[in-house]
Structures are given as C-alpha cells and as structure tokens.
Amino acid sequence: MSFGFRIEATHGAARAGVFETPHGPVETPVFMPVGTLGTIKALDPAEVDAGMVLANAYHLHLRPGEEVVQRLGGLHSFMGWNRPIVTDSGGFQVFSLETLRTVDENGVEFRSHIDGSKRYFTPESVIGIERTLGADVIMQFDHVVPGGADLALAREAAERSVRWLARCRTAFGRSDTQTLFPVLQGGTHADLRREMVRAVDDLGEWDGYGIGGLSVGEAKNDMYGVMDVMNEAVRTDKPRYLMGVGYPEDLMAGIARGVDMFDCVAPTRMGRNGTAFTHAGRVNIRNAELREDKGPVDPECDCSTCRRFSRGYIRHLFVADEMLGPRLLSLHNVHFLVSLVRRARAAIVAGTFRYAHAL
C-alpha cells in the first residue's frame, strides 16, 4: 500500500506515528516548512532537515504553471526535494483576495494578484492542477471563511466544501502515487464541526484529514476549543493535519490534542523580518542591545546558525541589509520548529510529554 499510518505510542491524546508515503515515511507529529512557490524562502533544500514540506497549487499555477513543472520532472524534481510533499489547493489564497473574487456553487472567479488576469477555479480544475504538480498529498478545494464567521456563514462554507469534496474525489480518480485529503471546515462552531466530520466520512475512506479554517482571526482559546472537538470527532487511525498553524505554543497545543501534521509560513516570514524563535521567547535581532552580543541566537539550539554566528554579527547583517541575515534567521527558525516537534515526539514515545511544560 502506497499510503498508510500507524501509531507507535500515545501519551494522553498526543500520538507518535509514522505516515507512509511513496517518497518515504514521515514520523509524526511533524512540522512541515512552507515552500509556497517550490522553495522554502531563502533556503537550499539541503539545509532543511524536515520530513515533509508544503507547496501551494494556487501560486505554482500562476507561475510558472503546472505544465512547466510537469515538463521539468514534476514537483519533487523541480524543487530538488526527494522527500514527501503536500500541496495546498489554494482555497485560502483565493478567498483571501476578497474584492478580487466571486463565489458560486460551481467554483470561484478571481483575478490574479500578479497581473490582474481573470481566472476561474473549480474543484475539478484544482485537482487537475495538483495532480499535474505531482505532490504525494493533495488537498481538496474548499471554501474558507474568516475565523469570526457566524453560524450561518460558517455552515454555508462548510456544506459547500463537502459538496466540492465529492467533486474533487470524482476528479481525482485513483492513484498509487498520490492521495487526496479532505479539509474539515465549520468555523468555531462545535456542533457544525462534528456534523461536517460525519458528512465527510459518509463520502468514503480517506488516508488522512485536513483541519481547516483555524488561525484565520479567531481567538486562541476558540482555536484550542475546536482542536478539542476535532480530537474527539475525527477517527484516530488516520493522520490529522492542522493547516496553517505553526507558532511554538500552538504546535504544542495541537500535539496535546491529537494533531499529527502542521504547516506555517511563520518561521521564514519572521526570520526575514528579523525575529527569531528561542527557548526563552522571541528575539528581535535588530535590537541595539545586541550590537556586541557574542552569544548565539539561542544557546539551546544546535542549528548551523547558532553553532557558527553571534547575535551581534547577525544584527549587523540586518542593519547592513545583507541577504545572509534573513537566510540565517530563516534557517534557525525552521530548525527550531522542526526540532521542537521532534522532541515532543520523543517525549510521547518515552511517556514524558507534558503540554504545560512544553510551552
């Protein structure tokens, strides 16, 4: 079987598992760095020690185009990454365009954020794009609404997402090299979330589940409450992928609530802007007090940035607008989150995982 999932240990709701894919096994829980355009911004793939990464179908469709990627050997060859890849359908990006898109039951008409050209996405066309790109896991095209959406709007989007999922499944067909994950929607409304899980399961078997519609403006406590609901509602023998969530405290909260897969642009975005994750909290590397600081970004980190360079040097790079600065902090931040989740996995296996202490 090309795809499979086994749980090797549990500690409370937290799980340590292995997700089998055609490009190798992925130990879970796993943090997946985001390579939106086929690159984890500023980083060579050889520098990224992650089990799996994410790329975005919307952005790759606009440039260079999925056919170009296919002619250049498919997404793995194109980006020089021989481990598993997941592609986001672009639903979040399309619905984030707000005034540049129009939704109907068939799909979404929108204007490219690059050149303003008119485009139309349907569940079928998006699956075609993702199939052509060739990632191991492809996500359904779903209807995304803001975190504060009321019950009526959240229901409209969630029910449409289920209808679109059925169309995605038909368009996907069969494959030994790719699998389709549904995206569970429902906003912050617990009963609606449970209802949508049942509706998705009524459509058939899945190799894993995406949990969408979180980290889109709702309060942290509301997000964690939905995680609790999903832990109870989603079957336990498949991987659960919490989409777009990746700050350290949220990773630990998700793991404690039975989540297996995460992605987020935060480590590279914050790295480019001069902010580093550390075990003592976030550090703004531009702070004047770090001008002559000889210490590493994080004394507890073993990444190549922390092993070789001082805070004072990296601050100098940012002040001098040298591109090495954003590269070094991006590398550190990605390593920090990947390592954080790996340590959580080891603690689950050892039976010592403690959510409160992990923060």
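Throughout, read-outs are computed from the coordinates displayed, never taken from laboratory work. It should be emphasised that the depicted structure is a prediction, and the values quoted were computed from it without experimental measurement. So basically every Cβ, Gly included, is an ideal-geometry build from the backbone, and we count neighbours across all protein chains shown.
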In debye to the nearest 20, the charge dipole size for the chain, taken about the Cα centre with +1 at each Lys and Arg Cβ and -1 at each Asp and Glu Cβ, equals 640 debye
Among 68, 39, 80, the residue whose Cα sits farthest towards the positive end of the charge dipole of the range 1-94 (+1 at Cβ of Lys and Arg, -1 at Cβ of Asp and Glu, taken about the Cα centre) is 68
Checking 119, 169, 257 against a Gaussian network model of the chain (alpha-carbon springs below 10 Å), the top fluctuating residue turns out to be 119
Total charge of the residues flanking residue 17 in space, meaning their Cβ is under 14 Å from its Cβ, with Lys and Arg +1 and Asp and Glu -1, is +1
Exposure proxy check on 180, 43, 151: fewest-to-most Cβ neighbours within 10 Å is 151, 43, 180
By the mean-Cβ-within-10 Å protection proxy, highest first, 66-75, 32-41 rank as 32-41, 66-75
For the range 212-258, the dipole about the Cα centre with charges only on Cβ (Lys and Arg +1, Asp and Glu -1), to the nearest 20 debye, works out at 180 debye
Expressed to one decimal in nm², the mean projection of the alpha carbon convex hull of the chain is 17.7 nm²
Cross-link reach from residue 41 to aspartates and glutamates, straight Cα distance under 20 Å and at least 8 residues apart if same chain, gives 49, 66, 88, 263, 321, 322
Charge dipole of the range 4-263 built from unit charges on the beta carbon (Lys, Arg +1; Asp, Glu -1), centred at mean Cα; most positive-end Cα among 93, 252, 116 is 116
Percent antiparallel among DSSP beta bridges confined to the range 4-263, nearest 5, equals 50 percent
Ranked by GNM mean-square fluctuation in the chain (Cα springs under 10 Å), the top entry among 135, 347, 55 is 347
